[in-house]
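Just so it is clear, none of the values below were taken in a lab; they were calculated from the coordinates. Note that the structure is a prediction, hence the values are computed from the model and not measured. We place every Cβ from the backbone using ideal geometry, glycine too, and count neighbours over all the protein chains shown.
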Amino acid sequence: MTNAATPNLDAFWMPFTANRQFKGSPRLLVAAKDMHFTAADGRTILDGTAGLWCVNLGHSRERINTAVARQIRELEFAPTFQMAHPLPFELAARLVKHMPGDIEHVFFTNSGSESVDTALKIAIAYHRARGEAARTRLIGREKGYHGVGFGGISVGGLGNNRKNFGPLLPGVDHLPHTFDLEHNAFTRGVPDWGTHLAEVLERIVALHDASTIAAVIVEPVQGSAGVILPPHGYLQKLREICTKYGIVLIFDEVITGFGRLGTPFGAQYFDVLPDMITTAKGITNGAVPMGAVFVRKHIHDAFMDAGLPDNAIELFHGYTYSGHPVACAAALAALDIYEQEGLFTRAAEMAPYWEDAAHGLRGEPNVIDIRNIGLVAAVELSSRPERAGTRAYEVFTRCFERGVLVRQTGDTIALSPPLIVEKPHIDQIFTTLAEAIRAVG
Ligand SMILES: Cc1ncc(COP(=O)(O)O)c(C=O)c1O
């Protein structure tokens, strides 16, 4: 889709994109408001994916736009190394009020990938600060996505994201994933089968000894792999085993954070308190890049009470843009909207209607599973022999042509609309998707 204003597409090497295919037939978005994008040819596209799981409040919210414009004029940058400005303090204090338990501290980053690598480094340094320097091993999970830094791809479990980039971090193990069509296909919400898979952590501990293990990192709901849900009691079990062996438990909530499941964070939804939570995306509603690692008191205390002289830096880690003024202004305005419009919990109100609409696609051609939780859903299509991913890609492009943005990973279509979604939008998303699934065949 191009028009007279289409730029030359050669120079921009697009991320996670089939560049040659895209540039032969580009899909360009030029504006957005609330639930909709405007495409380059003037068509309105209903956003069924909150951009890339980030525009939770809907597009181009005036409050955020104004705050960003004001901030950039007043103080566009100030360092936060041995200096500061007021905004990250104000933002951190407000954010932790929405956190469960004694999660009382925040380390700011600029993305989910940076949040993950920050949390992994904090976990290792935390054990060292307490005199357990042998605890360096990291445990991720098959099919996990933790961004694209070397730490994130090492604990991540998506083969394509790892295979061309080795050697990855040494000393990393993976838990098995919980995806199982035989037992769990078409389950509404969290499945019953698979809780026992958390017990594999006991076996990993037996193999390596707890004294070598720093942290376990999991997404409460695996998003990028195609919305894979934790079985009932699975996350509780991981928590129990981590507590038993002194292992730091990190929830990667880059997708599940900021209201996606119907609670502020997935930790509250599943009633499991991890030691750290990594976030990004919804923190600024996608308007300005920002990430944050939320940290429980005992971890932060271990650094502050390590017996170092006052002038010693407790953690040799940080980014030029940690706590960037413009990102903080966007996040503070976004937080106002989450709080004032009840958007941390709105997904819970819409979830029953969403679930029924999603499962209404059962019986459509090639649909082999439907999964849902909060305002997230996935429709799994059977793969064509020898041409995995082509069926869902065609569904994605057909939906786009018919005015709905869905997300394709492999042969899964994933959906995660802005949390301001209304019932007619939900109807449009699933009607369009059903029509595309039938047409593609
Ligand atoms: C669970 C999870 N962690 C980390 C990331 C990486 O975030 P970013 O692309 O901002 O680096 C993502 C991105 O989708 C994610 O879903």
*Which residue, chosen from PHE400, LEU52, ILE255, occupies the Cα position most advanced towards the positive end of the dipole of the chain, where the dipole is computed from +1 (Lys, Arg) and -1 (Asp, Glu) charges on Cβ about the Cα centre?*
PHE400
_Taking just the alpha-carbon atoms of the range 61-167, what radius of gyration and Dmax come out, in angstrom?_
17.9, 50
*Length gained when the stretch PHE316-ASP41 is fully extended (0.36 nm per residue, less Cα-Cα span)*: 94.1 nm
*Any idea what the relative contact order of the range 49-179 is, in percent, if you count C-alpha pairs under 8 Å spaced at least 6 apart?*
16 percent
*Cβ-based net charge around LEU52, under 10 Å, with every Lys or Arg adding one and every Asp or Glu removing one*: +2
*Normalising by the residue count of the range 94-168, find the relative contact order in percent from Cα pairs under 8 Å and 6+ residues apart.*
23 percent
_Loop sites in the range 188-248: chymotrypsin sites (Phe, Trp or Tyr not before Pro), DSSP, at most 15 other Cβ within 10 Å_ = TRP193
*Which residues in the range 340-371 have a backbone N closer than 19 Å to a point placed 7 Å from the Cα of SER383 along the Cα-to-Cβ line?*
366-371
*Over the alpha carbons of the range 314-441, what is the largest minus smallest coordinate on each principal axis, giving the biggest first in Å?*
55, 35, 27
_Cα atoms only: what Rg and Dmax, in Å, come out for the range 63-103?_
13.0, 37
*Which value, in Å to one decimal place, does the Kirkwood hydrodynamic radius take for the range 1-143 when every pair of different Cα atoms is included?*
20.0 Å
*Only residues of the range 323-367 count here: report those whose backbone N is under 15 Å from the spot 7 Å along Cα→Cβ of GLU62, or say none.*
337
_Binned Cα-Cα distances of the range 130-210, short to long, each 10 Å bin given as a whole percent_ = 16, 38, 33, 11, 1
_As an exercise, find the ratio Rg/Rh for the range 240-284 from alpha-carbon atoms, using the Kirkwood inverse-distance average for Rh._
1.03
*Stokes-Einstein D for the chain at 37 °C, 0.692 mPa s, Kirkwood Rh over Cα pairs, in µm²/s?*
146 µm²/s
*Listed pairs LYS163/LYS281; LYS97/LYS163; LYS33/LYS237; LYS23/LYS423 exceeding 32 Å between Cα atoms*: LYS97/LYS163; LYS33/LYS237; LYS23/LYS423
